[in-house]
Every structure is written in structure tokens, then in C-alpha cells.
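Q: Handing you a structure now.
The values are calculated or read from the model by the stated rules, or taken from the named source; none is laboratory data. Quick caveat: nothing in here was measured; it's all calculated off a predicted structure. For neighbour counting, all protein chains shown are included, and Cβ atoms are generated from backbone atoms with ideal geometry for every residue, glycine included. To get the accessible areas, we keep the full protein, side chains included, count just its heavy atoms, and leave off ligands, DNA and RNA. Shrake-Rupley method; radii C 1.70, N 1.55, O 1.52, S 1.80 Å.
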Amino acid sequence: MLKKYWKICLFTLFIFLGLLFFFNFINPLTVYDADDWLYIYSLRKPIPILHDWNPTRVFPEVVMPLISYFGAYVFYPITNNYFRSLSIAHGLFASILLTIYFVQFVVLFYKRNFATLNRSIAYGFLFILLHFISHIIMGSNNFYMLGSINLTSFYFYTLSAILNAILVMHFMSYGGVKEWFKNSNLFHKLIVFIGFYFAINSNLFSSVILATYIGANLLLTLINKIKNKTFNLISYCGENWLELILIICWFGVNVIETTGGRACSIHKNILLTVPLSLMMGLLSLIAKNVFVTILDIVVFSSWYKLKNKKLNATSIRFILYITFTLVYEILLSSASDPTYVLRSEVSMCTFFYLFMGMIACLNELIKADNKKTKLPLILVGTILCLFNNPGNLYQRYNYSNIPVDKCEKVMDDLIKQIKTAQENGEKEIVLVIPKFEEDDDNWPLSYFIGDRVAKALYKHNVVDSYITIKDVKASKEKNDEFGIDTISWLK
């Protein structure tokens, strides 16, 4: 027992240190655009707020500023480098949450006796690998499941999805929500309910992971009772009261979100955009690393033959998980932006279930024929992609896709301008920023960034007094100084 415990501990430590290294040296999380500057200091009330811009995005709008304050108050006095301090803090938090996510996957396979501990850990490494190579199509600027267009989206989409996925795997490791509730103590229940609260109040695109799991299981239970002619509404509600309450809460969050300023600012005819979103949604399943797609096809088809072309209860559940998740994302994208469903931060919700199902099928294939352990070697073909346009492998966590040192120079320059004003006794200044030609707002360093920078620096004790930004001027001279193009990489 002690040996098994240490294996889990070593795996956990290895993953945590690996992620910490990744988020600090390979692809750091950086503050860069106007949204980042807002959410590193703007701490909202930890409750849904009707008619707010984002009424229910409690998790990212609470956690992102809290982690930023932690970096500013704990790391900044030590490093005397504001940019690096925030980057370290966000990298540390991301590493902790993702470590829990990846370890929970291993625990699920081992606890449910799907595989031995050693094999569960091996599957854990495969699961991790898929997250980092999922969208590799060439040797540079690839998206990946844990990637994002900026730090704000990393919290709003990626980490929100991770939190929901952690809860799903935790419930799965007990055999379902009812079994978890029966076999957990009061403190355990409290922690999970807090996690559930933040999970459903995170992002609609992300919370569908948890809602799909609960909803699909409720639907299958209902169908089975109807088939067996044992359905009784009162008894069904009594047996499934907890899942029903959880799914009703999630629907309630959806309703509250429709009252928000962001939702009200979207005026689209969903019937016209659904076909495009549907096409984008189906494309998202194949618009990824071709060798990952090949592995999926080989494993699923081999498993189907192994089972004599019959689907068991577990496979039906995963088909429903994937289908419901994809359909919801398509409908939600249709109401906002049809291309959203193609974003790696959104498609990762579908891939989460897809990869879990694929590894579960692979496990059964290996149990039947140990030679199937070689199937993941298909992924070695990814190396061939790296010869096509080699360079920086992943898209960076900033909208302009510029190196970390350039992001740091931009931030240092903003700080210098405000600190110089403070030293000179000035109360207000004109802030000069790089020029961008993507739109009239100068995104990603928009003209409204000035007040956000001033407030963040003041609240984080980087400057002693609040300096009013009376105007913001975009200058191409700043682009030349920092080596930044005037055209965003997303344009």
C-alpha cells in the first residue's frame, strides 16, 4: 500500500514540476492586452449578478485578480519585477490546478479498477501528451488544448473547463454523483459543493462539461426506467434528487447569463448561424493533429470490432457526453460567434470526453491483446509535422503572439511612464502605447487601457499614488522600440 502511495506522490510531483517549468520557461502566462489589465485587479463579488456584463463568470473574475494580488504582494517585493511576479503567480496556480486534473485522471482509472496503478499512470502520461500535441499541424505557432489567446481567456475558458473536468472525473471515480454523496464525509461534500458552485459559475462553454455528465446520466436512468416499465415520477425524483438539483442550478445559471450586458449586446439570428456553427463544430473534431485523429479512428474501430460491433452502456454514455457537449457548444457559438467552437479553449470540452473515451477503449484492447500497447506509437508521427515551418512550437499566451521579453518591455514601459509622472509630482499624464491597425480601438492595447493600467499599478502597490490617464496616444515609434508589428497575428 505504501509503495502504491509513493508512486502516486512521485507522479504528482513530476507533473507539477513539469507544468511549473512549462509555464515559467517554455510558454509563460503573461499580462499584455487591455482585458488582462482589467482582470488582474478588478475583483467582483463572488456571486452571480443580474444585468452585469458577465453575470455568472464568478470563477475567473474572482480567481484571476486574487492570484494577481498574490503575485503583486508576495512575489513582487522579492523579485522587484512586476511582470515576472504576476507570471510566476499565474504559472503556479495553473500548475496546481492542472496537476489535480491530471492526477484525478490516474486516480479514476485505478480506483475504478479499470487498470493497474502502473498502467493507470502510463495512461495518465498519454492523456497529458494528448493535451500538448492535440492541435500540432506544423513546427511553429500551434494551438493546443491548454492554450489560449491571452491570459484572460486562459482563466475564462481553459481553467474553467479544467475545474469542471476535475469534478466530472471525481464523480466518475466514485461511480456517479449518488455514490459520491453516499461515500463522502461532510468536509468532502463541502469542498466539492464549493467547487461545483465555481464550476457552473465559470463560463457557459466550460460548464457544459459537468452539465453534460449529470444530464446524460439522468436521461439514461429515465430511459431505462421507461423501458423496464418501472418509471414513477415521484420515485425518480426521490432517487435522483441531488443530480436534479445540480442540473437545475446549471440551467438557472444559463438563464441569469442571458440578462448580462454581453449577452444583450449580441443580436444574431441563431437560425442563420446554426449551419455555419454546425460545420465549424464538426470541423473542430478533425481540425487537429492528423496522427491524433488516426489514433482515435484506429482505437475506436478496433474496439468496435472487439465488441462484435455492439455498444455497451459505458460507450453509449460517452457518445452522449460528446454529442451533448458538441451540440451545446454549436448552439452557444451560433448565438455569439460561429467560429468560437473552433477555438482550442472551447473544443477542449469535447476533446476531454473524446480522449477519455479513446483511452478507455485502448485499455480494453490491451487487456484483450497486449500487442495493442504499441498503438500510441502512431503519435510519434507528430515529429514529421515539426519539420514544416519550424520555430516557436506553441502560440504564446498573448494576442500579438510576441515573445515574453517583448511583453515585458511593453509592461515595463507603461510602468516607467506612470512612475516618472509620480516622481515629477504630476497628477495626470498622456500614456503612449504601441500602435495597432486591427480596429479603431487599437486592440489589443486599446485606447481604454490607460485607466486599467493606472488602477492595477496603484492597487498592487507598484506606485504610491493613483495617476490619472487623461489621454492615450498610440505611436508607431513604440512598435519600432519594442519590435512589435502593427498588425495582430489573429488578423
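Q: Run K419 past the list (1) more than 29 Å from the chain's Cα centre (by Cα); (2) crowded, with 17+ Cβ neighbours inside 10 Å; (3) assigned to a helix (DSSP H, G or I) and report the number of the one that doesn't hold.
A: Among (1) more than 29 Å from the chain's Cα centre (by Cα); (2) crowded, with 17+ Cβ neighbours inside 10 Å; (3) assigned to a helix (DSSP H, G or I), the lone unmet condition for K419 is (2).
Q: Follow-up. Does N27 count as among the polar types (S, T, N, Q), modelled with pLDDT of 95 or more and open to solvent by 80 Å² or more (accessible area, probe 1.4 Å)?
A: No, not satisfied.
Q: Where the second residue is among the polar types (S, T, N, Q) and open to solvent by 90 Å² or more (accessible area, probe 1.4 Å) and the first is farther than 17 Å from N141 by Cβ and free of Cβ contacts under 8 Å to residues at least 60 places away in the same chain and lies in segment 371-393, which pairs have Cβ atoms under 8 Å and are six or more apart or on separate chains?
A: Partner pairs satisfying both residue conditions: none exist.
Q: What number of residues within segment 452-465 satisfy the criterion of being open to solvent by 60 Å² or more (accessible area, probe 1.4 Å) and at pLDDT 95 or above?
A: Residues that pass the stated criteria total 4.
Q: If I filter segment 117-148 down to residues being assigned to a helix (DSSP H, G or I) and within 15 Å of the chain's Cα centre (by Cα), which single residue comes out as farthest from M169 (Cα to Cα)?
A: Once the filter is applied, the top-ranked residue is F132.
Q: Right, L167: open to solvent by 40 Å² or more (accessible area, probe 1.4 Å), out of contact with any His (no Cβ under 9 Å at 6 or more places or on another chain) and either acidic (D, E) or modelled with pLDDT of 95 or more (or both) or not? It would help to see each step written out before you state the result.
A: Working: open to solvent by 40 Å² or more (accessible area, probe 1.4 Å): no; out of contact with any His (no Cβ under 9 Å at 6 or more places or on another chain): yes; either acidic (D, E) or modelled with pLDDT of 95 or more (or both): yes.
No: the conditions fail for L167.
Q: Counting just the residues of segment 253-290 that are closer than 19 Å to L362 by Cβ and surrounded by 19 or more Cβ atoms within 10 Å (Cβ to Cβ), which one comes out modelled with the highest pLDDT?
A: Taking segment 253-290 first, the residues closer than 19 Å to L362 by Cβ are 285, 288-290.
This time we only want the ones that are surrounded by 19 or more Cβ atoms within 10 Å (Cβ to Cβ), so: 288-289.
Working: K288: 81, N289: 91.
Filtering segment 253-290 for residues that are closer than 19 Å to L362 by Cβ and surrounded by 19 or more Cβ atoms within 10 Å (Cβ to Cβ), the one modelled with the highest pLDDT comes out as N289.
Q: Here is a follow-up. With respect to C407, is the statement that it is within 30 Å of I121 (Cβ to Cβ) and of a type outside the set (G, A, S) true?
A: Criteria not met by C407.
Q: Can you give me the ranges of the helices (runs of 4 or more DSSP H) entirely in segment 163-280 with at least 1 residues that are farther than 21 Å from D337 by Cα?
A: So the answer is 177-182, 186-200, 204-227, 233-239, 241-257.
Q: Could you tell me whether any residue of segment 178-199 is of a type in the set (D, E, K, R), buried (at least 16 other Cβ atoms within 10 Å of the Cβ) and touching a helix residue (DSSP H, G or I) at 6+ places or on another chain (Cβ under 6 Å)?
A: no
Q: Could you check M358 against (1) free of Cβ contacts under 8 Å to residues at least 24 places away in the same chain; (2) closer than 16 Å to L295 by Cβ and say which number it fails?
A: If we test M358 against (1) free of Cβ contacts under 8 Å to residues at least 24 places away in the same chain; (2) closer than 16 Å to L295 by Cβ, just (1) comes out false.
Q: Are any of the residues in segment 429-439 open to solvent by 10 Å² or more (accessible area, probe 1.4 Å), closer than 26 Å to Y466 by Cβ and touching a Phe, Trp or Tyr at 6+ places or on another chain (Cβ under 8 Å)?
A: no
Q: Name, by its number, the condition in (1) closer than 30 Å to N118 by Cα; (2) touching a helix residue (DSSP H, G or I) at 6+ places or on another chain (Cβ under 9 Å) that does not hold for L50.
A: Failing condition for L50: (1).
Q: Which of the following residues is farther than 29 Å from Y73 by Cα and without any contact (Cβ under 8 Å) to a residue 24 or more places away in the chain: D485, D451, D439?
A: Criteria check complete, one pass: D439.
Q: Let me ask something else about it. Note down all Cβ pairs under 9 Å where the first residue falls in segment 290-319 and is more than 26 Å from G176 (Cβ to Cβ), the second is assigned to a helix (DSSP H, G or I) and open to solvent by 70 Å² or more (accessible area, probe 1.4 Å), and they're at least six residues apart or on different chains.
A: Cβ pairs passing all conditions: F291/V380; F291/L384; T293/I286.
Q: Can you tell me which residues in segment 454-483 are out of contact with any helix residue (DSSP H, G or I) (no Cβ under 7 Å at 6 or more places or on another chain) and of a type in the set (G, A, S)?
A: A474, S475 - these are the residues of segment 454-483 that are out of contact with any helix residue (DSSP H, G or I) (no Cβ under 7 Å at 6 or more places or on another chain) and of a type in the set (G, A, S).
Q: So, in segment 30-56, exactly how many residues are open to solvent by less than 10 Å² (accessible area, probe 1.4 Å), over 25 Å from G252 (Cβ atoms) and not β-branched (V, I, T)?
A: Residues flagged as open to solvent by less than 10 Å² (accessible area, probe 1.4 Å), over 25 Å from G252 (Cβ atoms) and not β-branched (V, I, T) within segment 30-56 amount to 5.
Q: I've got another one for you. It is to be established whether one or more residues within segment 57-68 are open to solvent by 50 Å² or more (accessible area, probe 1.4 Å) and aliphatic (A, V, I, L, M).
A: For segment 57-68, residues open to solvent by 50 Å² or more (accessible area, probe 1.4 Å) and aliphatic (A, V, I, L, M): present.
Q: Could you tell me whether D451 is of a type outside the set (A, V, I, L, M), out of contact with any helix residue (DSSP H, G or I) (no Cβ under 8 Å at 6 or more places or on another chain), closer than 30 Å to L129 by Cβ and not in a loop (DSSP other than H, G, I, E, B)? Even if it seems obvious, please write down each step before you answer.
A: On the way: of a type outside the set (A, V, I, L, M): yes; out of contact with any helix residue (DSSP H, G or I) (no Cβ under 8 Å at 6 or more places or on another chain): yes; closer than 30 Å to L129 by Cβ: no; not in a loop (DSSP other than H, G, I, E, B): yes.
Considered against the rule, which asks whether it is of a type outside the set (A, V, I, L, M), out of contact with any helix residue (DSSP H, G or I) (no Cβ under 8 Å at 6 or more places or on another chain), closer than 30 Å to L129 by Cβ and not in a loop (DSSP other than H, G, I, E, B), D451 comes out as no.
Q: Take residues that are hydrophobic (A, V, I, L, M, F, W, C) and surrounded by 17 or more Cβ atoms within 10 Å (Cβ to Cβ) and tell me which of the helices (runs of 4 or more DSSP H) falling wholly in segment 308-386 contain 3 or more.
A: Ranges flagged: 313-335, 344-368.
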